[in-house]
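*Asks:* For reference, the structure I am asking about is given below.
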Number of protein chains: 2
Amino acid sequence: MVKYSNSQEFKLDRIFHALSDSTRRAILARLATGDAVVTELAEPFDMSLPAISKHLGVLEKAGLLQRHKDGRIRRCELNAGPLETASDWIHFYREFWESQLDSLASYLDNNKKKRNTRHNGKHK
Amino acid sequence: MVKYSNSQEFKLDRIFHALSDSTRRAILARLATGDAVVTELAEPFDMSLPAISKHLGVLEKAGLLQRHKDGRIRRCELNAGPLETASDWIHFYREFWESQLDSLASYLDNNKKKRNTRHNGKHK
């Protein structure tokens, strides 16, 4: 396991916290299709603008959203960089879920063989 | 973007919430080295057993930890499967962070070329 510094751990806390809400994940998915203003981002949700702004704040603190001025309008932009940090953290565990899948596959395979042996035995 | 059902969204909420705390991530890292009982898991932390148990509960709800009986002792085991779900969700954004890195690389490259041109110009 890679050793993370306190500030990296703090960043991971914020990134994973930002991802732990389906509204925030939906906002990221919307931003993946292009920049948007707050009212556009709020449109699909049955939520007040302050509630949406709170979600945008959480995404911004995690570094996943950047706001920039477009004349008098402030547009929101996806910043996917921190997701690579999260992906790297998760990647360490890949060998574990793959070995669990291998075990499950071999268990199912053995079960199938046993069933076939029993089935063939009955029809001899 | 893959469309997730409500129950899948709920699972993602729980998985990312479980990962949003450095103590819980450290517990997963410890479990990656082998099964452990609660007191073993609590050892590295300056935390009460009930506080650790609460963290274990969050990991268990996210499906990342399984408890099984070993005689009279209950051991905790890592279940990495849900991390694959989280990894799949994040993977969609890979092209975004990669294109951001490409843009940064070409910006830095252009800057370097400009600096070199200026430097060579001065020394002609």
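The values are calculated or read from the model by the stated rules, or taken from the named source; none is laboratory data. Everything numeric here is computed off the predicted structure, so don't read it as measured data. Cβ coordinates were reconstructed from backbone atoms using ideal geometry, including for glycine residues, and neighbour counts include every protein chain displayed.
*Asks:* Listed residues A:Ala29, A:Ala36; which is in contact with a Cys (Cβ under 6 Å, 6 or more places away or on another chain) and at pLDDT 95 or above?
*Replies:* Exactly one of A:Ala29, A:Ala36 is in contact with a Cys (Cβ under 6 Å, 6 or more places away or on another chain) and at pLDDT 95 or above, namely A:Ala36.
*Asks:* Suppose the filter is within 11 Å of another protein chain (Cβ to nearest Cβ) and either modelled with pLDDT of 95 or more or within 14 Å of the chain's Cα centre (by Cα) (or both); does B:Glu98 pass it? Explain how you work it out, then say what you get.
*Replies:* Values: within 11 Å of another protein chain (Cβ to nearest Cβ): yes; either modelled with pLDDT of 95 or more or within 14 Å of the chain's Cα centre (by Cα) (or both): no.
No.
*Asks:* Report yes if B:Asp88 is farther than 16 Å from A:Ile90 by Cβ and acidic (Asp, Glu), otherwise no.
*Replies:* Spelling it out, it is not the case that B:Asp88 is farther than 16 Å from A:Ile90 by Cβ and acidic (Asp, Glu).
*Asks:* So, in region A:9-52, how many residues would count as being among the basic types (Lys, Arg) and either over 19 Å from the mean Cα position of the chain (by Cα) or more than 9 Å from chain B (Cβ to nearest Cβ) (or both)? So that I can check it myself, show each step before the final result.
*Replies:* Our first condition is that a residue be among the basic types (Lys, Arg); within region A:9-52, this holds for A:11, A:14, A:24-25, A:30.
Filter once more, keeping what is either over 19 Å from the mean Cα position of the chain (by Cα) or more than 9 Å from chain B (Cβ to nearest Cβ) (or both): A:11, A:24, A:30.
Looking only at that region, the number is 3.
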